[in-house]
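No value in this document is a laboratory result; all are computed from the given coordinates. It should be emphasised that the depicted structure is a prediction, and the values quoted were computed from it without experimental measurement. Positions of Cβ are backbone-derived with ideal geometry, glycine not excepted, and every protein chain shown enters the neighbour counts.
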Amino acid sequence: MTVLLASEALPLPSYRSWIAEQERTLRQEYEWSGLRAALDRQPAESIYPAVEFAALEQAISDDRCLQIAYTSGVETIRGFLVLPPGPARRSPAVVYARGGSLDFGSIGIGSLLDFVRLANSDYVVLATQYRGGPGSTGQDEFGGGDVDDLLNLIPLLRARADVDPRNIFAWGASRGGMMTMLALRQGFRPRAVALRAPMLDLNETARQRDDMRANFQELMPDYPPDPEAALRRRSALAWAQLLPPLPMLLLHGDSDHRVPVTQSVRLQTALRELGRSVELHIYESEGHLLLLNRSDYLNRVCDWFDKHRTN
């Protein structure tokens, strides 16, 4: 049984101090992608406008953006709950699967700004940091027992009077795409799915990136005895035929240095051959985070969920 243990408000730095930190982080990320010139034309304050930061501050002040703790088996997991403004009502909901591992790529202010965007379009957003992530107990297994941390958000949503259980959606990013696919294979049935730069072929990733191969070896308990089998178990491209026939939106940058866009292209091809509903949007001169096209990316996610809501 999954139990919500606590919820608490989140302290925020000033917008100026946070945006200065983001400027440094984004510069490093986009230099790695060979997109520094594009980032110079679009500084961090235009990617994350002050008005959106103010909306996040308001959501926190209104107790609509909360850090939560919940149980997942014997572990205590941290996550976030973001609610729509106005009186409580039965709203559609989104289960969000983050990328990265441990502290890297964990949910922070940038993600919360995205969640508030969806919440202001009448969605309840519930997200997990996974076991081993900030504030959570346990060990991150990168697609092992931590998939339960994602699945255990679903009963929390279904228990809420302000959530319409017929309209629960899945949204994942990078490693979160892998996590969402594993959750679907284990029985999660959202109305529709939206994935940003999903990790779909981990054997390919391990061959191309020494840093990720080391990460897999460190985190996956089943990796040392049979690396190829461990990675295949986590690679949706190896078992696309086992995925449920749900509408799926894939969004990917053509200059992604972390997860090549070809993984999304291959999944689109595989799902179409199976007669599934799948759309792929590729952003030109864009990296892994899609921040140069953040507003369009978020609008497409929200529109996709709106399109597949049931009345």
Can you give me the long-range amide H partners of THR76? Hydrogens built in the peptide plane at 1.01 Å from N, cutoff under 5 Å, separation of 5 or more residues or another chain. THR137
Which residue, LEU219, LEU242, LEU271, tops the fluctuation ranking in a GNM of the chain built on C-alpha contacts under 10 Å? LEU242
Can you put ASP40, ASP222, ASP201, ASP146 in order of Cβ neighbours within 10 angstrom, beginning with the fewest? ASP40, ASP222, ASP201, ASP146
Report the paramagnetic label zone for ASN299: residues of the stretch 120-160 whose backbone N is under 18 Å from a point 7 Å from Cα along the Cα-to-Cβ axis. 120-122
Output the DSSP H helices from the chain with an along-axis C-alpha extent of no less than 27 Å and a mean Kyte-Doolittle hydropathy no less than 0.5. none
Cα-based Rg / Dmax (Å) for the stretch 4-307: 18.2, 53
Please list, in chain and number order, the residues 5+ apart from VAL124 or on another chain whose amide H is under 5 Å from its amide H, with Hs placed from the backbone. ALA93, VAL94
With a 10 Å Cβ neighbour count serving as the proxy for reagent exposure, in which order, fewest first, do ILE282, ILE47 appear? ILE282, ILE47
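Do the sum for the chain: with -39,500 (n - 2.57) for every DSSP H run of n ≥ 4, divided by all residues, what is the mean residue ellipticity at 222 nm, to the nearest 500 deg cm²/dmol? Kindly include the intermediate steps, with their values, before the conclusion.
On the way: 13 runs with 123 residues, N = 311.
Value at 222 nm, helices only: -11500 deg cm²/dmol.
Expressed in nm to one decimal, what extension gain is obtained for the pair ALA159 and GLU21 from 0.36 nm per residue of sequence separation less their Cα-Cα distance? List each step's numbers first, then the result.
Details: separation 138, 0.36 × 138 = 49.68 nm, distance 3.78 nm.
Taking ALA159 through GLU21 to full extension adds about 45.9 nm, to one decimal.
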In the chain, what percentage of the DSSP-assigned beta bridges are antiparallel, given to the nearest 5? 40 percent
Please rank SER295, SER14, SER111, SER101, fewest neighbouring Cβ atoms within 10 Å first, as an exposure proxy. SER14, SER295, SER111, SER101
Could you list which residues have their amide H under 5 Å from that of HIS281, counting only those 5 or more apart in sequence or on another chain, with H placed in the peptide plane? LEU250, LEU251, HIS252
In whole Å, largest first, what are the principal axis extents of the Cα atoms in the stretch 98-151? 34, 21, 16
Distance from the Cα centre of the stretch 263-290 to that of the stretch 67-119, in angstrom? 25 Å
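Mind checking the stretch 1-64 for chymotrypsin sites (Phe, Trp or Tyr not before Pro) that DSSP puts in a loop (not H, G, I, E or B) and that have at most 15 other Cβ atoms within 10 Å? Can you show the working numbers first?
Details: sites: TYR15, TRP18, TYR30, TRP32, PHE53; in loops: none.
Sites meeting the loop and neighbour criteria: none at all.
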Residue-wise, which Karplus ³J(HN,Hα) couplings in Hz belong to the stretch 191-205, taking 6.51 cos²θ - 1.76 cosθ + 1.60, θ = phi - 60°, and x for glycine or proline? 5, 7, 10, 10, 10, 9, 6, x, 7, 10, 9, 6, 5, 4, 4
With charges only on Cβ, +1 for K and R and -1 for D and E, what is the dipole size of the chain about its Cα centre, in debye, rounded to 20? 880 debye
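For Cα pairs less than 8 Å apart in space and 6+ apart in sequence, what is the mean separation divided by the residue count of the chain, i.e. the relative contact order in percent? Show your work: numbers first, answer last.
Working: 594 pairs, mean separation 50.0, N = 311.
Contact order relative to length: 16 percent.
Report the trypsin sites (Lys or Arg not before Pro) located in the stretch 6-68 that are in a DSSP loop and have at most 15 other Cβ atoms inside 10 Å of their Cβ, or state none.
Details: sites: ARG16, ARG24, ARG27, ARG36, ARG41, ARG64; in loops: ARG41, ARG64.
Qualifying residues, ordered by number: ARG41.
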By how many nm would the segment from HIS257 to SER285 grow when fully extended, if each residue of separation counts as 0.36 nm and the alpha-carbon distance is taken off? 8.9 nm
